[in-house]
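The values are calculated or read from the model by the stated rules, or taken from the named source; none is laboratory data. Please read these numbers as outputs of a predicted model, since none were measured by experiment. For neighbour counting, all protein chains shown are included, and Cβ atoms are generated from backbone atoms with ideal geometry for every residue, glycine included.
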């Protein structure tokens, strides 16, 4: 190995300055991310419950979660249910809006503002609004359904079978702003592809299937996988929309994060909840690995098509 | 990031095929697209309109069936009434100060760290940047529990410190966003200043920060929106009513007593108002920030 030359004085000064500039991030990383995570990993192997006990229990927390805790699996199932519907439907919403906007319709600016609004309208206020919109008796949705002749419209957040669909509808509303990324992708598709297809007599629908969909698929897959990973962390809204924030009715909105929150800050089983956190981290990691592997291939494909 | 750079190209506006003749397919398609967009817009606006409508109703019309969309009379006094039913002025002051502190801390610390990553060379920089990227993947729930234990050991529970202090330690995503922006600023500018003997801090303050106003605004506006609407952090750390933020206060306003919907919607509207105003005033930055975060985080 070649010995590295000693840094010149100027280089060294720049290095010190560099570390000073990134110090806020570096300290924050050590104090608020890396340190806490190591602590949390350790805590996940103990029965830590804030008061005093900090006994090493080995893999007991993980064993109990995986083999002895029906609520763990129920919360995972609820979260997966939400993800499986909310993510593709959200992508479809954004994609459809992008395709429509790409038709050079008049009023682009107004439409863009409207579709973006849900991205801004978040927080407790909007969740309360949804509770009111889904109100079984007086909410406009059920009034409309009765008007259409539905005799017993869903009770939404009061019905275990309809609470998750209600949340999925809410998520689709929020996903409208996602059009922005698909529109950028659509506009990146070379025009000559469509022109060639039109000359060959392909209908717009056929062009959409044969050109738009394949050209957009990298973006769609990326959003799908990143979306799944994000949806695994969906739970905060349930604190507001479920009765008492308990994940009801009949545990139908007990999402993974909510169960972890209850274990950690309701029952103060911090060790147990830390184990849940690490299982979530592993799930997220798995999605990230899949995404990185696939994205390598997409870059390759795109290079070929040029 | 690849996608984000393509956004808002002027080409979108100008590539209408003016020379080509209109073919019937296109006219049909455009009309259809326009109609569908109007329907989707109506679906998106409808909850917001329902909120405004409810907020302006006299209590006799809130539960009317079929629902009344335009109340008569318009009860503008509902807003004042709702505001006075809980200490919302107190919550408003708390939330404003809290949000300002977090926005200031985030913009300052992320901008400094981003300069270090973008413009300075030091051993370990690229490795640390990969670490920074990796931390963006970590779910917030993973650090929430140990952070709570840390802050409770420090005796910070029941204060704003756990919510404000971390924002002065450069969060990964906005540091990354600003670093990408700083990379596009030509190095010649800072090199020239360095020849004249300027320090890096001077260059950051006098060259980089003024040139990156759009990116800094995006960070500020996104942080504002996120902090103003945050709920889980405040509910975890703020356990006294006089400390509540608007979000927490609104939730307690709802559960404390059987509140009537017109007051609840009026209060909710007022809580959202600052974010809505900022959105309409700085829409461009919102859209840019959302595009980047959606290209990176999904």
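The figures follow:
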{"read-out": "Unique residue being in the same structural domain as residue B:160 (by TED's automatic domain parsing), in contact with a helix residue (DSSP H, G or I) (Cβ under 7 Å, 6 or more places away or on another chain) and without any contact (Cβ under 8 Å) to a residue 40 or more places away in the chain when the list is B:244, B:263, B:231, B:237", "value": "B:231"}
{"read-out": "Criterion violated by residue A:257 - all others in (1) touching a helix residue (DSSP H, G or I) at 6+ places or on another chain (Cβ under 8 Å); (2) touching a residue at least 12 places away in the same chain (Cβ under 8 Å); (3) more than 8 Å from every other protein chain (Cβ to nearest Cβ) satisfied", "value": "(3)"}
{"read-out": "One residue from A:74, A:66, A:89, A:41 being touching a helix residue (DSSP H, G or I) at 6+ places or on another chain (Cβ under 7 Å), part of a helix (DSSP H, G or I) and more than 30 Å from residue B:124 (Cα to Cα)", "value": "A:89"}
{"read-out": "Meets criteria (in a helix (DSSP H, G or I), within 28 Å of the chain's Cα centre (by Cα) and surrounded by 14 or more Cβ atoms within 10 Å (Cβ to Cβ)) for residue A:168", "value": "yes"}
{"read-out": "Matching entry among A:28, A:94 (being touching a residue at least 12 places away in the same chain (Cβ under 8 Å) and crowded, with 16+ Cβ neighbours inside 10 Å)", "value": "A:94"}
{"read-out": "Looking only at the range A:118-127, and only at residues there that are over 16 Å from the mean Cα position of the chain (by Cα) and touching a residue at least 24 places away in the same chain (Cβ under 8 Å), the one that is nearest to the other protein chains (Cβ to nearest Cβ)", "value": "A:124"}
{"read-out": "Sole exception among (1) modelled with pLDDT of 90 or more; (2) at the interface with chain B (Cβ under 10 Å from one of its Cβ atoms) for residue A:219, by number", "value": "(1)"}
{"read-out": "Looking only at the range A:14-62, and only at residues there that are more than 26 Å from residue B:165 (Cβ to Cβ) and within 27 Å of the chain's Cα centre (by Cα), the one that is nearest to the other protein chains (Cβ to nearest Cβ)", "value": "A:61"}
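Quick grid of which residues meet (1) under 17 Å from residue A:29 (Cβ atoms); (2) within 13 Å of chain A (Cβ to nearest Cβ):
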position	(1), (2)
B:137	yes, yes
B:142	yes, yes
B:160	no, no
B:171	yes, yes
B:176	yes, yes
B:195	no, yes
B:207	no, no
B:217	no, no
